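J.: Starting off with a structure, shown below.
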Amino acid sequence: MSDGWKYRPIFIAVNGPGPWPCYLNACEDLVLPDELAIHHLDENHENNEPTNLTAMHKGCHSRLHFAGVPRSTETRAKISAAKTGKKRPPVTDEYRRKMSEIKRGVRLTDEHKQKLSDATHAYWARKKGIA
């Protein structure tokens, strides 16, 4: 079992059963429970404070950590082979309707918005060496 499973109960206890907004700004889809990857904002896996944990799609989480990492031809071939047959289904009108209904049901409390904001600001301050 992946270590990520030990962070899930903490995250879900604080943030509810989902769906959740994806931490990756470029992603506009909500994260459903079966797509959930927990990201540590300070990248310290020992820090499991709820304000340090955020939701991401598994693919978005990989893109965040491996963006710009050079890959050999062999590695690219392995990744391509692993993806074969696992492409997302085409976006249908029914899928859009369901996602729209789910998004309407997601309401973040002011307290939760403040926690996310504080954690995000702290993360970037540490990244830039300010804190």
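J.: With the requirement that a residue be under 22 Å from GLU111 (Cα atoms), out of contact with any Phe, Trp or Tyr (no Cβ under 8 Å at 6 or more places or on another chain) and of a type in the set (S, T, N, Q), what does the range 13-49 give you?
T.: Result: ASN15, ASN25, ASN47.
J.: Still on this structure: Among the numbered criteria (1) charged (D, E, K, R); (2) surrounded by fewer than 17 Cβ atoms within 10 Å (Cβ to Cβ); (3) within 12 Å of the chain's Cα centre (by Cα), which single criterion is violated by GLU49?
T.: GLU49 satisfies all of (1) charged (D, E, K, R); (2) surrounded by fewer than 17 Cβ atoms within 10 Å (Cβ to Cβ); (3) within 12 Å of the chain's Cα centre (by Cα) except (3).
J.: Might you let me know whether the range 41-59 holds any residue that is of a type outside the set (S, T, N, Q), modelled with pLDDT of 80 or more and at positive phi? Walk me through how you get there before you give the answer.
T.: Restricting attention to the range 41-59, the residues satisfying the condition of being of a type outside the set (S, T, N, Q) are 41-43, 45-46, 49-50, 53, 55-59.
Imposing the further condition that a residue be modelled with pLDDT of 80 or more reduces the set to 41-43, 45-46, 49-50, 53, 55-59.
From what is left, the residues that are at positive phi are 43.
So far as the range 41-59 goes, yes, one or more of its residues are of a type outside the set (S, T, N, Q), modelled with pLDDT of 80 or more and at positive phi.
J.: Would you be able to tell me the number of residues in the range 64-77 that are farther than 25 Å from GLY16 by Cβ and in a helix (DSSP H, G or I)? First the steps, then the outcome.
T.: Initially, the range 64-77 is screened for residues farther than 25 Å from GLY16 by Cβ, giving 65-77.
Next, from what is left, pick out any that are in a helix (DSSP H, G or I): 65-66, 73-77.
Looking only at that region, the number is 7.
J.: Anything in the range 11-20 that is surrounded by 19 or more Cβ atoms within 10 Å (Cβ to Cβ) and under 22 Å from GLU49 (Cβ atoms)? List them, or say none. Break it down into steps so the answer makes sense when it comes.
T.: Residues of the range 11-20 that are surrounded by 19 or more Cβ atoms within 10 Å (Cβ to Cβ), as a first pass: 11, 19-20.
Across the range 11-20, the qualifying residues are PHE11, TRP20.
J.: Filter the range 1-40 down to the residues that are closer than 19 Å to TRP124 by Cβ, modelled with pLDDT under 85 and not hydrophobic (A, V, I, L, M, F, W, C) and list them by number.
T.: ASN25
The values are calculated or read from the model by the stated rules, or taken from the named source; none is laboratory data. Just so you know, these numbers come straight off a predicted model, no measurement behind them. Using ideal geometry, Cβ is built from the backbone for each residue, glycine included, and neighbour counts are taken over all protein chains shown.
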